[in-house]
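Quick notes on the structure that follows.
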Amino acid sequence: MQVNVSARHGHLSPVSQSKIVSKVSRLRRYFDRITSLNVTVDFANTSLTGVEIIASAEHFHDLVSHETSATLWRSVDGAVQKLEQQLRKHKEKLRGHKHAETVRRS
């Protein structure tokens, strides 16, 4: 899985980038077919930090989560949590699809 971290209207230290990579890498346990994660941190507003995560998966469209908060780490945690929910929902749909067909046939 490839993880890209970039900053818009500001700069991220290498320590912050590595922490973001470690937090975002946890998403792999929710869905195995994630091919890449693009994290963009936006410092345009001085009082609010925005984080956007785009997850690309095999045979599925890109999943996107946005979060804006007063601190960088709240934004990262919120965006990761939103993406976790999307990945869980997608995985349930994939798993439940076969089961739903067998129930209808019975």
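We did not get these values from a lab; they are worked out from the coordinates using the rules stated. Everything numeric here is computed off the predicted structure, so don't read it as measured data. In this analysis, Cβ positions are derived from the backbone assuming ideal geometry, glycine residues included, and neighbour counts consider all displayed protein chains.
Which log10 I(q)/I(0) values, to two decimals, does the chain give at q = 0.16 Å⁻¹ under the Debye formula with one point per Cα? Taken in order of the listed q values, log10 I(q)/I(0) reads -0.69. Remark: spin-label model distance ALA7-HIS59 equals 4.0 nm, labels positioned 7 Å along the Cα→Cβ axis. For the chain, DSSP calls about 70 percent of its internal beta bridges antiparallel.
Computed extension gain for ARG33 through GLU92, at 0.36 nm per residue and net of the alpha carbon distance, reaches 19.8 nm. Placing a pseudo-label 7 Å from each Cα along the Cα-to-Cβ vector at ASN45 and ARG26 gives an inter-label distance of 2.5 nm.
Sum -39500 (n - 2.57) across every DSSP H segment of at least 4 residues in the chain, then divide by the residue count to get the 222 nm mean residue ellipticity, nearest 500.
Dividing the helical sum by the residues of the chain leaves -15000 deg cm²/dmol.
Tell me the angle of helix 72-105 to the major Cα principal axis of the chain, expressed in degrees between 0 and 90 and rounded to the nearest ten. Compared with the principal axis, the helix lies near 10 degrees. The C-alpha atoms of the chain define a longest principal axis, and helix 14-24 lies at about 20 degrees to it. Distance between the pseudo-spin-label points of GLU84 and SER69 (7 Å out from Cα toward the beta carbon): 1.2 nm.
Overall, the chain carries a charge dipole of about 560 debye about its Cα centre when +1 sits on the Cβ of Lys and Arg and -1 on the Cβ of Asp and Glu, all other atoms neutral.
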